Amino acid sequence: DLGGLPVWSPDGQQTIVADPAGRLWLGDEHGQVKTAVSTGAAPFWIDNSRFGYIHLVGSLARPPAEVVISSVSTPDEAEIALALPDLAAYLPRDISLDQLIIRGTATHPSHPNQLFLAATYRRNLESGQEGSFIFQLDTKTGELKLPLTLPYNLGLYNPFVFSPDGRWLTIQSFAESKTERQLHLLEVSTGNAVAFHSGFLLLLPGYDWSADGEWLLRIDNGFVQLIAPAYDYQEVVVHDNAVCNFATWINTS
């Protein structure tokens, strides 16, 4: 019985467990907690000895203010890799820092010092104006880039997933209607992005990468869609099932 959601280290021997109260714990390979870390969200691993997370300042009701990196040997000590004011130079004039929430993280599979994260905002509840800034942070040098901006907030469930080869970052966001969603593919090396729209009512992953990173399997309104983004190729697979919400790869072929 797990006390929260585990994130495994690259060697699979350790976990960071995020519990429902916003607390982070170091755990074993089974997700059984051993050592308290801090309050935080969106934990990630850089290597088998270093991990990071979005540090929650104050309480869960307050926005996360910084991205920190710690080590397995001293989990109660953390170094600030990114603070909210670091983002100010990248924001439009009509967006202020106090409107931002840092959320969502993903490290590049081949270059784990490259951390991708999002800062989302909503100007006010009445206007409904919102958006997301997708940042790329080099945790070794501190270099910060802004490869993508989106006019909508991110999806609630695991909005960042890399293809296994690290070429593509999939980003799930809401669309104009809150009952619709979009799946964005960001090509990391070029900064080019393409979006796929779906009227599916639930914000679920609904997609999976093949092990070689060549094919994206996606569910769109009950149909199975095969996408080879490197070749700008798409194919719709018609099946006999009445409802299809999830699909996954068994092997690469």
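Bear in mind these aren't lab numbers, they're just calculated from the coordinates by the rules spelled out. Note that the coordinates shown come from a computational prediction; the quantities given were computed from them, not determined experimentally. Positions of Cβ are generated from backbone atoms using ideal geometry, with glycine treated the same way; all protein chains shown enter the neighbour counts.
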(request) Could you give the size of the charge dipole of the chain about its Cα centre, using +1 on the Cβ of each K and R and -1 on the Cβ of each D and E, expressed in debye and rounded to the nearest 20? (result) 540
(message) If I stretch the segment between Q129 and V194 completely, what's the gain in nm (0.36 nm per residue apart, minus their alpha carbon distance), one decimal?
(response) 21.2 nm
(message) Once R0 is set to 30 Å, what does the formula 1/(1 + (r/R0)^6) return for the Cβ-Cβ distance between D94 and D232, expressed as a FRET efficiency to the nearest 0.05?
(response) 0.25
(request) Could you work out how far apart the two model spin labels at K34 and A21 are, taking each label as a point 7 Å from the Cα in the direction of the beta carbon, and quote it in nm? (result) 2.2
(request) Quick one: order I219, I171 by neighbouring beta-carbon count within 10 Å, fewest to most. (result) I219, I171
(message) For H184, H197, which order do you get if you count the other beta carbons within 10 Å of each Cβ and list the fewest first?
(response) H197, H184
(message) Can you match mean projected area of the Cα convex hull in nm² to one of these, (i) 13.9; (ii) 24.3; (iii) 14.8, based on a calculation from the structure here?
(response) (iii)
(request) Let me have the relative contact order for the chain, percent, based on Cα pairs under 8 Å that are six or more residues apart. (result) 8
(request) Mind sorting I101, I250 by how few other Cβ atoms lie within 10 Å of their own Cβ, fewest first? (result) I250, I101
